[in-house]
Amino acid sequence: MEKRSFKGGIHPLYNKELSQGKAIEVMGEPKKVTLPLQQHIGAPCQPIVEKGQDVVVGQKIAESDKFVSAPIHSSITGKVVEVTEKHIVIEGEQNSKFEVKNVRDIDSLTPEEIRSIVKEAGLVGMGGAAFPTHVKLSAPEGKKFDTILLNGAECEPYLTIDHRIMIEQPEKIVYGLRALLKATGAQKGYIGIELNKPDAIEALRKASEAYDNIEVATLEVKYPQGGEKQLIKAILDKEVPVGGLPVDVGALVNNVYTAAAIYEAIKEDKPLFERGVTITGKGVVEPKNLLVKVGTTFKEVLEQCGGLKENAAKIISGGPMMGRAVANLDEIVTKGTSGILVLTEDEVELVEEKTCIKCARCVDACPMYLMPNYLAAYSRKSMHDDAQEYHLFNCIECGCCSFVCPSRIPLVHLIRQGKWEINSKRAKK
Amino acid sequence: MNNNFVVGPSPHIKSPRTIDYIMWDVVVALIPAMIAATIFYGMAAFYILFASTFAALFFEWVVLHRTFKVRDFLGDGSAAVTGVLLGLSLPPALVQDGYLWLAVLGSGVAILIAKHVFGGLGKNPFNPALVGRAFLVASFPVMMTGRWITTGVDAVTSATALAPGQVDFTLRQLFVGNVPGSLGETSALAIIIGGIYLLAKGHIDWRIPGGFLGAMAVMSVFHVGITQGINADFLQAAGHEVLFQWFSGTALLAAVYMATCYVTSPTTKKGRLYYGIGCGLVLILIRYYAQLPEGATYAILFMNALTPIFDRFTVPRTFGEVKK
Ligand code: SF4
Ligand code: SF4
């Protein structure tokens, strides 16, 4: 099969077999959900319900008049018990099923209508960054979309939820892609899938057979194959300009799971209040793929998987390369939570950092063709001008450099700090 | 459930290849060359390699470690690499002549002066093994290059293949290793095996040995063309000259193990290629025009000095940057 790719990147151990074969299971209803008012980059929402009010599942409970924001819906039926600046807490019965209706179809909708449905349903990118989807759908003045790419690469080790949705519900994904094509006026859609998911490739080829403007692109198994810029490079052989956006090369990238959610928003009028999450790692008793209500605590989700093993040592929200380590299990599942990964004591390496031996492994691995060794050294010494001359801000924070460094220098961490320092200096001026 | 978890920045998984792993793997890649040396020179090779390596580990331990544990003594493997490489670059006659202590002295200079005076692993501008060797050649020229012995049990004094006026060794002899020279020079085959291992494991980049040997080949062909003109035998003569230059002396050992030293070679891809080519060019110039039998040491040390310049001027085009 064709093997499209990009230059650089790494081949970590994938460990997907832990949860790959597990069909998505519906998680038992949580008694209480905590819905954060800010679940993504952008403006936080304002509550539109009051304490003591009864709400039903799927009801809008918070929104914002800012453009870069997505409204929030209740994920269970029950009573609002707490409203603060940060979140809304809802308590309810054990049984709040969202009634699936078949309300409309893309053929009867205009592009504007599709965009407003996407916005009303509170859709965000479900690959991790959780950027509001409707914002991405509007091309800036003077630019237009030619191609829509769906990211089904799922290149992060351990995670399998995108893989599962691709083999379990391929029609939804293709439908979502067609909606995206209509909403943006783009001509061609691609679904990029890594070659280690042959069943997903097969399923989506079949589901998209009837549409000549949709093609499944097979990709080399490599991290970060699903990075927006890497995906565009691999499939379209175009480079997003430095400081630019995918639209500069006429492309729009969305996650396959987001596409499935678009289907639900259009066809079933179902807003985004639950999502599939991979719960995995050697520290989990029984790894699973679960459909989880937004607002559920990690603790409850993990209990559904038999809990943690004795030697559980690190909990990560997301994948091991770009995910965030969380301090405790009170952490909440949000719209952007793609996985909960539990690493064990012997997987958590606590070795000391050594001097750079100039082995250049980081340079060879960087998919953005940067020199992480220099960027990190300049950031550490606050030599911001030099760091920017070496294109500090072109770093996508994929972590390949830190992964390969034999001296265990936290390269991407130093680079992130450098960016942060420069940004806060700029903000002060 | 335990509620006290480790937090820290992403990525949360790391490649298992730490410094220790890589350095000891380089030692593994040197095993064929060590075996070949011992086959051809007998116990002399063993004594020299043992002396230089043990001394290197000892000096490293003196500087870095205070406790007495086997692991501490073995360190991160970088001192072992230096010791073995230095040993391989010494002539076996040292043992016969009672100069084994030169191996220890060379390691001392390599580890104490070339490495730790500059701040230790990662900070040294010049390859320690080569500095050690250059020091010995400069201070004890007679012992270091005056006498070579032939291989085999009844070893006698002889000249190296590269010495002026020396009878030609056949290419097959040079390739397999049955010729006089330094320990590690003898067998091209052993070095190639080690080199393939390093390339396959991703420890070295082909650009350095490729540029190195490529530049040597191009220069050799030119040399043959200039000295004997383009006649009917040209292709054969040029081919012979290329292989002779590759397989004689320290060229191959230097291209595979010494020029590729991480610390002292450039970190950009282009820089590595240019640096390799530079090493090959300087080596050939020394061989043809300086009449020194041993050019590789000086060629690489010279290029080590230029490494920061290569890094500076070969910064890669970043993703999405429009070519100017
Ligand atoms: S420098 Fe940035 S883009 Fe390059 S490998 Fe490191 S994290 Fe990834
Ligand atoms: S990978 Fe680490 S040790 Fe190697 S050059 Fe980069 S920063 Fe230095």
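The values are calculated or read from the model by the stated rules, or taken from the named source; none is laboratory data. What you see is a predicted model; the values in this text were computed from it and never measured. Positions of Cβ are generated from backbone atoms using ideal geometry, with glycine treated the same way; all protein chains shown enter the neighbour counts. Surface accessibility is based on the protein's heavy atoms, side chains included, excluding ligands, DNA and RNA. Shrake-Rupley method; radii C 1.70, N 1.55, O 1.52, S 1.80 Å.
The set of residues in region B:84-124 being among the hydrophobic types (A, V, I, L, M, F, W, C), buried (at least 17 other Cβ atoms within 10 Å of the Cβ) and within 14 Å of chain A (Cβ to nearest Cβ) consists of B:LEU121 alone.
Of all the criteria given as (1) touching a residue at least 40 places away in the same chain (Cβ under 8 Å); (2) open to solvent by 40 Å² or more (accessible area, probe 1.4 Å); (3) of a type in the set (A, V, I, L, M, F, W, C), the one not satisfied by B:ALA296 is (2). Given the criteria in contact (Cβ under 8 Å) with a residue 24 or more places away in the chain and more than 14 Å from every other protein chain (Cβ to nearest Cβ), does B:VAL242 qualify? So B:VAL242 passes the test.
Of all residues in region A:331-363, those satisfying the criterion of being facing chain B (nearest Cβ under 7 Å) and either buried (at least 19 other Cβ atoms within 10 Å of the Cβ) or assigned to a helix (DSSP H, G or I) (or both) are A:LEU343, A:CYS356, A:ILE357, A:LYS358, A:CYS359, A:ALA360, A:VAL363.
Taking the condition surrounded by 15 or more Cβ atoms within 10 Å (Cβ to Cβ) and in contact with a Pro (Cβ under 7 Å, 6 or more places away or on another chain), does B:THR38 pass? Here the answer is no, as B:THR38 does not meet what is asked.
Do we find a residue being within 10 Å of ligand 1 (Cβ to nearest atom) and open to solvent by less than 10 Å² (accessible area, probe 1.4 Å) anywhere in region A:403-412? Within region A:403-412 (the criterion being within 10 Å of ligand 1 (Cβ to nearest atom) and open to solvent by less than 10 Å² (accessible area, probe 1.4 Å)), the answer is yes, since at least one residue qualifies. Taken as a whole, the condition of being within 24 Å of the chain's Cα centre (by Cα) and aliphatic (A, V, I, L, M) does not apply to B:LEU235. Quick check on region A:346-362. Is at least one of its residues within 14 Å of ligand 1 (Cβ to nearest atom), under 28 Å from the mean Cα position of the chain (by Cα) and within 24 Å of A:PRO224 (Cα to Cα)? Yes: one or more hits. List the number of the failed condition for A:ALA62; all other conditions in (1) open to solvent by 30 Å² or more (accessible area, probe 1.4 Å); (2) without any contact (Cβ under 8 Å) to a residue 40 or more places away in the chain hold. Only one criterion in (1) open to solvent by 30 Å² or more (accessible area, probe 1.4 Å); (2) without any contact (Cβ under 8 Å) to a residue 40 or more places away in the chain is unmet by A:ALA62, namely (1).
Condition (residue is open to solvent by 40 Å² or more (accessible area, probe 1.4 Å) and assigned to a helix (DSSP H, G or I)) applied to region B:241-258: is it met by at least one residue? Among the residues of region B:241-258, at least one is open to solvent by 40 Å² or more (accessible area, probe 1.4 Å) and assigned to a helix (DSSP H, G or I), which makes the answer yes. Residues that are under 16 Å from A:PHE273 (Cβ atoms) and open to solvent by 50 Å² or more (accessible area, probe 1.4 Å) do not occur anywhere in region A:69-85. Taking the conditions exactly as written (within 21 Å of A:GLN230 (Cβ to Cβ), open to solvent by less than 20 Å² (accessible area, probe 1.4 Å) and within 11 Å of ligand 2 (Cβ to nearest atom)), does A:CYS398 satisfy them or not? Against the criterion (within 21 Å of A:GLN230 (Cβ to Cβ), open to solvent by less than 20 Å² (accessible area, probe 1.4 Å) and within 11 Å of ligand 2 (Cβ to nearest atom)), A:CYS398 does not qualify.
Of all residues in region A:413-429, exactly one satisfies the criterion of being more than 9 Å from chain B (Cβ to nearest Cβ), within 16 Å of ligand 2 (Cβ to nearest atom) and open to solvent by 40 Å² or more (accessible area, probe 1.4 Å), namely A:GLN417. Given the structure, is B:GLY225 touching a residue at least 12 places away in the same chain (Cβ under 8 Å), open to solvent by less than 10 Å² (accessible area, probe 1.4 Å) and on the phi < 0 side of the Ramachandran plot? When the stated conditions are applied, B:GLY225 does not pass them. Within region A:368-381, the set of residues being more than 9 Å from chain B (Cβ to nearest Cβ) and hydrophobic (A, V, I, L, M, F, W, C) comprises A:LEU375, A:ALA376, A:ALA377. Every condition in (1) of a type outside the set (Val, Ile, Thr); (2) within 27 Å of B:VAL6 (Cα to Cα); (3) within 11 Å of ligand 1 (Cβ to nearest atom) holds for A:PRO367 except the one numbered (2). Scanning region A:382-400 for residues that are within 9 Å of another protein chain (Cβ to nearest Cβ), part of a helix (DSSP H, G or I) and near ligand 1 (Cβ under 10 Å from one of its atoms) gives A:ASN394, A:CYS400.
The residues of region A:298-330 that are open to solvent by 10 Å² or more (accessible area, probe 1.4 Å) and more than 12 Å from every other protein chain (Cβ to nearest Cβ) amount to a single one, A:GLN304. Residues in region A:15-41 that are modelled with pLDDT under 90 and either open to solvent by less than 30 Å² (accessible area, probe 1.4 Å) or of a type in the set (A, V, I, L, M) (or both): A:GLN39, A:HIS40, A:ILE41.
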